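Data first, discussion second: the structure below is written as structure tokens.
The values are calculated or read from the model by the stated rules, or taken from the named source; none is laboratory data. Everything numeric in this text was worked out from a predicted model, so none of it was measured. Cβ sites come from the backbone with ideal geometry, for glycine too, and all protein chains shown count toward neighbours.
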Amino acid sequence: MELELRHLRVLCTIADSGSVGRAAAVLGASQPATSTQLRRIERNFGAPLFERTASGVAPTCFGVEVLAAAREVLARIDSLGRLSGQGGGHAPREVRLVSTSTPILPGLLGRTRQQRPDLRFTVGTVPRCSDLVELLERAEADAAVAVVHPGVELRHSQTVAHRCIVTEPLFVALPAGHHLGHRAEIALSDLAEESWLLAPDDGAGWPGVFHRACAAAGFSAVSAQEFRGGRLELQDLIAAGLGISLVPASTRPLGAVVVRPLAGAPIRVRHLLLWRTAAVGEEIVETLFVAATTAYRDLIAGSPQVQPWTGGTRRMGRL
């Protein structure tokens, strides 16, 4: 079978719908026909792209890679269509983008500027997700990237919509000479006596999520201090032996720091794209989403601790 653009759109629709049946309805096809088409596409790739879950389907690790590439191809095709329809001329459009601390942001901006040179961005950062939502609802921002926690609801009005970019586990960052640094995975309970460097209240459930995970592991963190600096400063402190910290799995360790998975992935984060529906159309939302998922794919490709942990299995979160 020769892969065509329509096959990529089928894959993206299934991923966005979370169900073959719901995707079939969106595509205007029957569920058996959509299931058959998916099997043919998977045979073409030589590996499963989706796995069944209690609520439908979710991408496998390989499926995450294929979907990111498919979205990028489709976005480029759509961009070419816009250029053709407008004779190559674009009126500059300003998008006010705000973000909490997320490593996805630089890659998202770089790729969006490549795809949509007609967009002009102003970028701001805020420490708390609740502040980010307020900026959107007061029409002081158009779109945002936030990091929240599964199981903790991010409240916003109907003037704001959101879409999950990816869910990923938090790993632990340790000094390179730490006595547990040689382990492939570290149990959270084995870190009960450590000194922790914790990000401040993010307005989305942190640090309560951390303390509940510690309690579930049978301990209360005896030494935990708030750290308000950036990611580079945090790694400098860890390398100096002043504490350990939880970091996204996609974090690239620097210097004398190692990053290791926590056994069972007890704490996860969700990267969200949010936008003000009256200000941002579907085309821009899709461009931002594709850029964000591709930026995340690039991050995990450069993070040496992720691939050994996944081991070719389906352990990473859903894009």
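With (1) at pLDDT below 90; (2) outside the structural domain of Arg116 (by TED's automatic domain parsing); (3) not in a loop (DSSP other than H, G, I, E, B) as the list, and Val258 as the residue in question, which single condition is left unmet?
Here Val258 meets the rest and fails (1).
Hey, could you check the range 124-137 for residues that are in contact with a strand residue (DSSP E or B) (Cβ under 8 Å, 6 or more places away or on another chain) and at pLDDT 90 or above and say which is surrounded by the fewest Cβ atoms within 10 Å (Cβ to Cβ)?
So in the range 124-137, the residues in contact with a strand residue (DSSP E or B) (Cβ under 8 Å, 6 or more places away or on another chain) come out as 124-126, 129, 132-133, 135-137.
When the remaining residues are screened for being at pLDDT 90 or above, the result is 132-133, 135-137.
On the way: Leu132: 28, Val133: 24, Leu135: 18, Leu136: 27, Glu137: 14.
Checking each candidate, the answer is Glu137.
Could you check how many residues of the range 276-286 are outside any loop (DSSP other than H, G, I, E, B) and in contact with a strand residue (DSSP E or B) (Cβ under 8 Å, 6 or more places away or on another chain)?
Start the filter on the range 276-286 by keeping residues that are outside any loop (DSSP other than H, G, I, E, B), which leaves 276, 282-286.
Then drop every residue that is not in contact with a strand residue (DSSP E or B) (Cβ under 8 Å, 6 or more places away or on another chain), which leaves 276, 284-285.
Looking only at that region, the number is 3.
Specify which of the listed residues (Leu273, Leu299, Leu246) is in contact (Cβ under 8 Å) with a residue 24 or more places away in the chain, of a type in the set (A, V, I, L, M), buried (at least 16 other Cβ atoms within 10 Å of the Cβ) and assigned to a helix (DSSP H, G or I).
Working: Leu273 fails: assigned to a helix (DSSP H, G or I); Leu246 fails: assigned to a helix (DSSP H, G or I).
Unique residue meeting the criteria: Leu299.
Here are the criteria: (1) assigned to a loop (DSSP other than H, G, I, E, B); (2) in contact with a strand residue (DSSP E or B) (Cβ under 6 Å, 6 or more places away or on another chain); (3) among the small types (Gly, Ala, Ser); (4) crowded, with 17+ Cβ neighbours inside 10 Å. Tell me which single one Gly203 does not satisfy.
With respect to (1) assigned to a loop (DSSP other than H, G, I, E, B); (2) in contact with a strand residue (DSSP E or B) (Cβ under 6 Å, 6 or more places away or on another chain); (3) among the small types (Gly, Ala, Ser); (4) crowded, with 17+ Cβ neighbours inside 10 Å, Gly203 is out only on (2).
Could you check Glu153 against (1) part of a loop (DSSP other than H, G, I, E, B); (2) of a type outside the set (Lys, Arg); (3) touching a residue at least 40 places away in the same chain (Cβ under 8 Å) and say which number it fails?
The failed condition is (3).
Can you tell me which residues in the range 175-194 are in a loop (DSSP other than H, G, I, E, B) and in contact with a Lys or Arg (Cβ under 8 Å, 6 or more places away or on another chain)? Lay out the reasoning, then the answer.
Pass one, the range 175-194, residues in a loop (DSSP other than H, G, I, E, B): 176-185, 187, 192-194.
Once the filter is applied, which keeps residues that are in a loop (DSSP other than H, G, I, E, B) and in contact with a Lys or Arg (Cβ under 8 Å, 6 or more places away or on another chain), the range 175-194 yields Leu180, Gly181, Arg183, Ala184, Glu185.
Looking only at the range 224-243, count every residue that is part of a strand (DSSP E or B), surrounded by 14 or more Cβ atoms within 10 Å (Cβ to Cβ) and of a type in the set (S, T, N, Q) and tell me the total.
0
Within the range 8-20, does at least one residue satisfy the condition of being among the charged types (D, E, K, R), under 20 Å from Thr293 (Cβ atoms), in contact with a Leu (Cβ under 7 Å, 6 or more places away or on another chain) and surrounded by 13 or more Cβ atoms within 10 Å (Cβ to Cβ)? Working first, answer last.
Step one: of the range 8-20, the residues among the charged types (D, E, K, R) are 9, 16.
With under 20 Å from Thr293 (Cβ atoms) added as a condition, the list becomes 9, 16.
Of the ones still in play, those that are also in contact with a Leu (Cβ under 7 Å, 6 or more places away or on another chain) are 9.
Add one more test, that the residue is surrounded by 13 or more Cβ atoms within 10 Å (Cβ to Cβ), and what stays is 9.
Within the range 8-20 (the criterion being among the charged types (D, E, K, R), under 20 Å from Thr293 (Cβ atoms), in contact with a Leu (Cβ under 7 Å, 6 or more places away or on another chain) and surrounded by 13 or more Cβ atoms within 10 Å (Cβ to Cβ)), the answer is yes, since at least one residue qualifies.
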